[in-house]
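Engineer: I am attaching a structure below and will ask some questions about it afterwards.
The values are calculated or read from the model by the stated rules, or taken from the named source; none is laboratory data. Because the structure is predicted, anything quoted here is derived from the model rather than measured. Cβ placement follows ideal geometry from the backbone for every residue including glycine, while neighbour counts extend to all protein chains displayed. For the accessible areas, the whole protein counts, side chains as well, though only heavy atoms, and no ligand, DNA or RNA atoms are used. Shrake-Rupley method; radii C 1.70, N 1.55, O 1.52, S 1.80 Å.
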Amino acid sequence: MAKGNAFSLVALSLFVLLAANLISVESIGVCYGMIGDNLPSPNDVVRLYQSKGIRAMRIYFPDQATFNALKGTGIDLTLDVPNDVLPSLANDASAAARWVQNNILAHDGVSFKYIVVGNELFGDAANKILPAMSKIWDALCSAGRCNQIQVSTAVSFSVVKNTYPPSSGEFSESFMFPIVNFLKNTGNPLMVSIYPYFSYAHNQAQISLDYALFKSPGPVFTDGQYQYQNLFDAMVDSVYSALEKAGANSALEKAGSILALEKARSNPVRVIPVESGWPRSGGVGASLVNAQTYNQNLIKHVRNGTPKRPGNLETYIFAMFNENKKKGDEVERNFGLFNPDLSPAYPLNFN
């Protein structure tokens with residue numbers, strides 16, 4: 001009996017360790033940006049994902065070479081519908097069905113997980129998100145794939161206002177409210193770019209570097225029942241507060257559909273930080289040391305979730321490589337985890 005108990009204890013311990021390791025790996029994906037003229041081939045990039053144990057990838061437009069490289073690998077793919085395609089899909093269900101056919105259904109062996117309909121849109125362009133997202137979702141459902149692939153949009157963190165304290169967070173853009181209702185009703189997540197780096201760089205007087213890098217030795221502030229020790233958690237939880245204030249299902253409440261309302265209440269909208277990272281050069285606080293510190297601490301942290309939403313928090317790091325042809329400030333071109341020769345920019349353990 002004693003030996004049997006000892007064996008069971010060892011087996012249980014091994015299982016717990018394995019489960020913890022799997023959670024840490026599956027919590028983290030990495031965005032594969034391609035705006036550069038010195039980047040390795042998609043085949044080499046996919047092999048790099050595999051060798052590092054990175055189980056999820058995001059790409060920002062359909063790419064045949066990447067689809068071919070991903071076939072049979074089991075790497076989960078998040079695929080963007082590019083911003084310039086949205087108007088045609090928003091106005092034409094048949095165009096959305098063709099897009100799904102050509103870019104999803106035609107690629108057997110690719111593990112599509114999310115379709116991201118538009119990236120960080122504002123103004124009139126943002127009004128195309130919901131109709132395009134709805135038509136993409138309908139096309140997936142018609143093909144019998146909406147139980148396998150989820151549909152969302154990626155929004156900038158700036159769609160949330162009153163972010164301190166996190167419980168005060170609310171959406172500042174009117175286009176967010178019908179999007180939230182759609183996500184709630186369909187069981188799809190909200191994807192948000194969460195960059196403590198930019199918050200720190202723009203407000204160093206009030207945000208310490210340690211707080212942004214997950215290095216604060218203890219809680220920095222308390223918000224009701226929750227204590228916050230890093231900026232990433234505070235940003236994510238302010239999005240959750242905005243979702244709560246958005247009501248998520250006001251249209252159903254007005255319609256008086258009790259069954260639909262209860263179904264929606266039991267299916268809260270998840271937040272997925274679909275971009276997060278720290279630059280290695282090009283701006284204030286941007287360095288190899290700080291980038292390594294932030295990203296390694298992020299990988300370790302997301303298995304625990306946030307004070308408001310504990311548990312595994314799926315998160316995507318930006319990005320695999322520096323993108324030397326990307327427009328904007330110099331810092332935008334310097335988020336890469338790896339060099340073009342596939343060597344690491346700095347040590348990073350994804351496991």
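Engineer: Residues that are in contact with a Gly (Cβ under 7 Å, 6 or more places away or on another chain), polar (S, T, N, Q) and at pLDDT 95 or above: find the helices (runs of 4 or more DSSP H) completely inside the range 228-317 holding 1 or more of those.
Structural biologist: Once the helices (runs of 4 or more DSSP H) in the range 228-317 are filtered for at least 1 residues that are in contact with a Gly (Cβ under 7 Å, 6 or more places away or on another chain), polar (S, T, N, Q) and at pLDDT 95 or above, what remains is 231-245, 288-301.
Engineer: In the range 301-326, what residues are over 14 Å from VAL271 (Cα atoms) and over 17 Å from the mean Cα position of the chain (by Cα)?
Structural biologist: If the condition is that a residue be over 14 Å from VAL271 (Cα atoms) and over 17 Å from the mean Cα position of the chain (by Cα), then PHE321, ASN322, GLU323, ASN324, LYS325, LYS326 are the ones that fit.
Engineer: Would you kindly identify the helices (runs of 4 or more DSSP H) lying entirely within the range 12-118 that contain at least 2 residues that are at pLDDT below 95 and open to solvent by 70 Å² or more (accessible area, probe 1.4 Å)?
Structural biologist: By residue number, no helices (runs of 4 or more DSSP H) qualify.
Engineer: Count, please, the residues in the range 287-300 that happen to be over 17 Å from the mean Cα position of the chain (by Cα) and β-branched (Val, Ile, Thr).
Structural biologist: So the count comes out to 2.
Engineer: A follow-up question, please. Filter the range 318-351 down to the residues that are among the small types (Gly, Ala, Ser) and open to solvent by 10 Å² or more (accessible area, probe 1.4 Å), then identify the one that is modelled with the lowest pLDDT.
Structural biologist: So, considering only residues that are among the small types (Gly, Ala, Ser) and open to solvent by 10 Å² or more (accessible area, probe 1.4 Å), the one modelled with the lowest pLDDT is GLY328.
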